Amino acid sequence: MRIGPIDVEFLLAITPILLKGALMTIELTVLSIFFGTIIGLFVALMKISRFKLLAVIGGFYTWVIRGIPLLVQLFILYYGLAQYFDIQLSPKAAAVLGLSICGGAYIAEIIRAGIQSIDKGQMEAALSLGMSSTQAMRRVILPQAYRRLLPPMGNEFIALMKDTSLVSVITMVELMRSGILLNTTYFRSMEIYLTVGIIYLIMTTFFIYIICRLEKRLAISEGD
Amino acid sequence: MIVIEHINKHFGKLHVLKDVSLTVARGEVVVIIGPSGSGKSTLLRCLNYLETIDDGYITIEGQPIGKIKLPDGRLVDDSRKNVYRLRSRMGMVFQRFNLFPHQTVLQNVMEGPITVSKTPVTEAKDRSLALLAKVGLADKADAYPVQLSGGQQQRVAIARALAMQPRVMLFDEPTSALDPELVGEVLEVIKDLVREGMTMIVVTHEMGFAREVADRVIFMNDGRILEDASPQAIFTNPSHTRTREFLSKIL
Ligand SMILES: Nc1ncnc2c1ncn2[C@@H]1O[C@H](COP(=O)(O)OP(=O)(O)OP(=O)(O)O)[C@@H](O)[C@H]1O
Ligand SMILES: [Mg+2]
C-alpha cells in the first residue's frame with residue numbers, strides 16, 4: 001500500500017526493528033545520565049575544592065574530555081584499549097563508559113556553574129551557624145543549585161540522548177545502528193533515516209516534557 | 001571575653017586591617033562606625049574566622065580562634081571542628097540577611113540546632129517558635145523568606161543566629177539594606193538583646209542607636225582603630241579631626 005510517495009507497508013515492516021533499537025537508545029541514555037551525573041557531581045566538587053590538587057585534576061578532566069570529540073573517545077575505548085592493554089570491552093560497556101565519561105565532564109561544568117551562581121552570603125550564613133563546609137553544601141548550597149541546574153541539565157540530557165547515536169560506530173546496536181543495518185539490506189535511505197529521525201524527535205520531545213513538569217513541580221514546592 | 005591583639009589582614013597587596021587591637025568584655029555593647037572600606041566588615045569576619053588573619057591573634061573566652069597554642073608557645077592551625085564549634089557560639093547577622101530561600105522561616109531558624117547541634121526536631125521546633133515569637137514573627141513561621149519584608153527577614157536572621165544560643169552577636173550593618181520605615185523594628189529587636197545583657201559588636205551607621213545602646217563606640221578609618229571611647233565622648237568631643245569630619249557628614 002502506498003500513500004503518495006510513502007510505502008506504508010515498508011514502514012510498518014521496519015518500525016518494530018527500529019523501536020527495538022530505540023529501547024536500547026533509551027537504556028543507554030538513562031545509564032549514561034545516571035553515571036554521568038555521579039561523575040559530574042564529584043568532578044564539580046573537586047573543581048571547587050580548597051585542595052589544589054583535586055581542583056587541578058578536576059580541571060584537567062573537563063579540559064581533556066570536552067576538548068576531544070566523543071567519537072574519538074569511543075574509538076579509543078573500544079579499539080584502543082583492546083590493542084594496547086588487551087582489554088576488549090563489550091560494545092555496550094564501551095558505549096556506557098564513553099557516554100558517561102563525556103556527559104560527566106559537561107555535567108560537572110553545569111553543576112560547578114550552578115553552585116558558584118549561589119550568592120556567597122549563603123555559604124557564609126551557613127558557616128556562621130557552625131556548619132562544616134560539607135554540611136553547608138548539602139543543606140544550603142546544593143538544594144538551591146539544584147533548581148537552577150534543571151534547565152541546563154535538561155539540555156545536556158537531550159544532547160546525551162542524541163549523542164548515543166555515535167556509538168553505532170562501535171557496533172552497538174541502538175536506534176541509529178538498527179537504521180544503518182536495515183539500509184544495508186534495503187537501500188532505502190530516505191524512508192529508513194526519516195523514520196529514525198522521527199523516533200529520536202519523539203523521544204527528545206517526551207524528555208523535554210518530563211523536565212518541564214519537574215521544573216514546575218519544583219517551583220510550586222518552593223513557594224514562589 | 002573577646003581579645004583582639006595586633007591583627008593584620010591583607011587582601012593581596014591591600015592592607016585592610018592595620019595592627020588592630022580591641023577588647024570586649026562580657027555583656028558589653030560595642031558599636032563600630034567608620035567610612036566605607038575602612039575594614040569594619042573584615043574585622044567582624046575575622047572574628048568569625050570567615051577570613052583568616054595574617055598575624056596577631058584573637059581569643060574568645062580565652063580560646064584562640066583558628067589557632068591553638070602549643071606548650072612551647074607556638075601557634076598552629078586549629079582543627080576545623082574546633083573552628084566550627086567556635087563559630088556556632090557566635091551569632092552573625094549580615095547586611096543582606098542571607099536567609100536560606102529554599103526553607104521556610106521556621107526551617108531557617110531550626111537549621112542550626114538540627115544540623116549543627118543535632119538537637120531533636122521537636123525541641124528545636126519549640127525553641128525556634130519561641131524565638132520567632134520573641135522577634136514578633138510567630139505568625140510567619142511557615143512563610144518563605146521571599147514573602148517577607150526586609151525588616152521581617154532581618155528579624156528572622158536574628159532569630160536564626162540566636163537559635164544557636166551564641167555568647168556573642170556580631171551585626172554587620174543590620175539595617176543598611178532596609179527601607180527607612182523598617183529600620184526601627186530591627187533596632188528594637190537588637191535593643192531587646194542589649195537589655196538581656198548579650199555581648200555584641202554592631203557595625204552600623206545608625207548614630208542615634210549607637211548613642212542609646214553602646215557602651216563604647218569605635219571609629220575605624222583606613223584599617224585602623226582611630227578612636228575607642230564612650231558614645232558621649234565620640235559624639236560630643238571626638239579627639240581626631242577625621243572622626244569629626246566623618247560624623248559631620250553622617251549626622
Ligand atoms: N574578599 C575580598 N577580596 C579583596 N578585597 C576585599 C575583600 N573584602 C573586602 N575587600 C576590601 O577590603 C577593604 C575593606 O573592606 P570592608 O568590607 O571590611 O570595609 P567596610 O568598612 O565594611 O566598608 P562598608 O562600610 O562599605 O561595608 C575594602 O577596600 C574592600 O574593597
Ligand atoms: Mg561592610
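The values are calculated or read from the model by the stated rules, or taken from the named source; none is laboratory data. Computed from a predicted model, the values in this text were never measured in an experiment. As a convention, Cβ positions derive from the backbone with ideal geometry for all residues, glycine included, and neighbour counts pool all protein chains shown. Protein only, heavy atoms only, side chains kept; ligands, DNA and RNA dropped before computing areas. Shrake-Rupley method; radii C 1.70, N 1.55, O 1.52, S 1.80 Å.
At-a-glance table
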| item | result |
| --- | --- |
| Calculated P(r) tail over 23 Å for the stretch B:81-166, as whole % of Cα pairs | 14 percent |
| Whichever aspartates and glutamates have a C-alpha closer than 19 Å to that of A:Lys120, once near sequence neighbours (fewer than 8 apart) are set aside | A:Glu109, B:Glu51, B:Glu111, B:Asp172, B:Glu173 |
| Under 9 Å, Cβ to Cβ, from B:Glu51 - net charge with Lys/Arg +1 and Asp/Glu -1 | +2 |
| Buried accessible area, chains A and B (both chains, 1.4 Å probe, Å² to nearest 100) | 2100 Å² |
| List of the stretch B:91-108 residues, accessible area with partners at least 30 Å² below that of the chain alone (1.4 Å probe) | B:Phe94, B:Asn98, B:Phe100, B:Pro101, B:His102 |
| q = 0.15, 0.26, 0.30 Å⁻¹, the stretch B:128-191: log10 I(q)/I(0) [Debye, one scatterer per Cα] | -0.42, -1.25, -1.47 |
| Length gained when the stretch B:Gln147-B:Ser176 is fully extended (0.36 nm per residue, less Cα-Cα span) | 8.5 nm |
| Highest-fluctuation residue, B:Asp19, B:Asp172, B:Asp139 considered, GNM on chain B with Cα pairs under 10 Å | B:Asp139 |
| Per residue accessible area in Å² of chain B, where ligands, DNA and RNA are left out and the probe is 1.4 Å | 43 Å² |
| Förster radius 22 Å - calculated FRET efficiency between A:Leu194 and A:Ala159, Cβ distance, rounded to 0.05 | 0.50 |
| Extension gain (nm, one decimal) between A:Leu71 and A:Leu23, 0.36 nm per residue minus Cα-Cα | 15.1 nm |
| Rounded to the nearest 20 debye, dipole of chain B from Cβ charges on Lys, Arg, Asp, Glu | 520 debye |
| Helix-only CD estimate at 222 nm, as mean residue ellipticity for the protein assembly as shown, using -39500 (n - 2.57) per DSSP H run (n ≥ 4) | -18000 deg cm²/dmol |
| Separation of the B:His205 and A:Phe51 label points, Cα + 7 Å toward Cβ, nm | 4.4 nm |
| Placed amide H near B:Thr23: partners under 5 Å, 5+ positions off or other chain | B:Ile4 |
| Threshold 40 Å² - residues in the stretch B:44-63 whose accessible area is reduced by that much or more when the chain is no longer isolated, probe 1.4 Å | B:Leu50 |
| Cα-based Rg / Dmax (Å) for chain A | 21.3, 74 |
| Probe 1.4 Å, accessible area per residue of the stretch A:2-223, Å² | 53 Å² |
| Rounded to whole Hz, the Karplus (6.51, -1.76, 1.60) HN-Hα couplings of the stretch B:234-251, x for glycine and proline | 5, 7, 9, 8, x, 8, 9, 5, 4, 5, 4, 4, 4, 5, 5, 6, 8, 8 |
| For chain B, fraction of C-alpha pairs farther apart than 31 Å, in % | 25 percent |
| Compactness of the protein assembly as shown, expressed as Rg and Dmax over alpha-carbon positions, Å | 30.2, 103 |
| Cβ-defined net charge surrounding A:Ala55, 15 Å radius [Lys, Arg +1; Asp, Glu -1] | +3 |
| Most mobile of B:Phe235, B:Phe97, B:Phe171 in a GNM of chain B (Cα contacts under 10 Å) | B:Phe235 |
| Candidates A:Val167, A:Val64, A:Val43, ranked by Gaussian network fluctuation over chain A, Cα under 10 Å, top entry | A:Val64 |
| Accessible surface of the stretch B:111-150 [probe 1.4 Å, protein heavy atoms]: carbon and sulfur percent | 56 percent |
| Computed lengthening from A:Thr184 to A:Ile3, 0.36 nm per intervening residue step minus Cα-Cα distance | 62.7 nm |
| Amide hydrogen neighbours beyond the local backbone of B:Met220, cut-off 5 Å, H modeled | B:Ile33, B:Gly34, B:Leu226 |
| Residues of type lysines that B:Lys140 reaches as a straight line, Cα spacing below 25 Å, ignoring anything fewer than 8 places off in the same chain | A:Lys216, B:Lys118, B:Lys125, B:Lys191 |
| Carbon and sulfur %, accessible surface of the stretch A:2-223 computed with the full protein complex present, 1.4 Å | 72 percent |
| Shielded by partner chains, the stretch A:100-128 residues - at least 30 Å² of accessible area, 1.4 Å probe, vs chain alone | A:Gln122, A:Glu124, A:Ala125, A:Leu127, A:Ser128 |
| Distance between modelled label sites at A:Thr15 and B:Ser117, nm, 7 Å Cα→Cβ extension | 6.6 nm |
| Summed side-chain charge close to A:Pro91 - residues other than A:Pro91 whose Cβ falls under 15 Å, Lys, Arg +1, Asp, Glu -1 | 0 |
| Simple spin-label estimate for B:Leu251 and A:Ala93 in nanometres, 7 Å along Cα-Cβ | 8.1 nm |
| Cα-based reach from B:Lys40 at 17 Å (exclusive), listing lysines while leaving out same-chain residues under 8 positions away | B:Lys9, B:Lys18 |
| Whole-Hz couplings from phi, Karplus 6.51/-1.76/1.60, listed for the stretch A:36-51; x for Gly and Pro | x, 5, 4, 4, x, 5, 5, 5, 4, 5, 4, 5, 9, 5, 7, 7 |
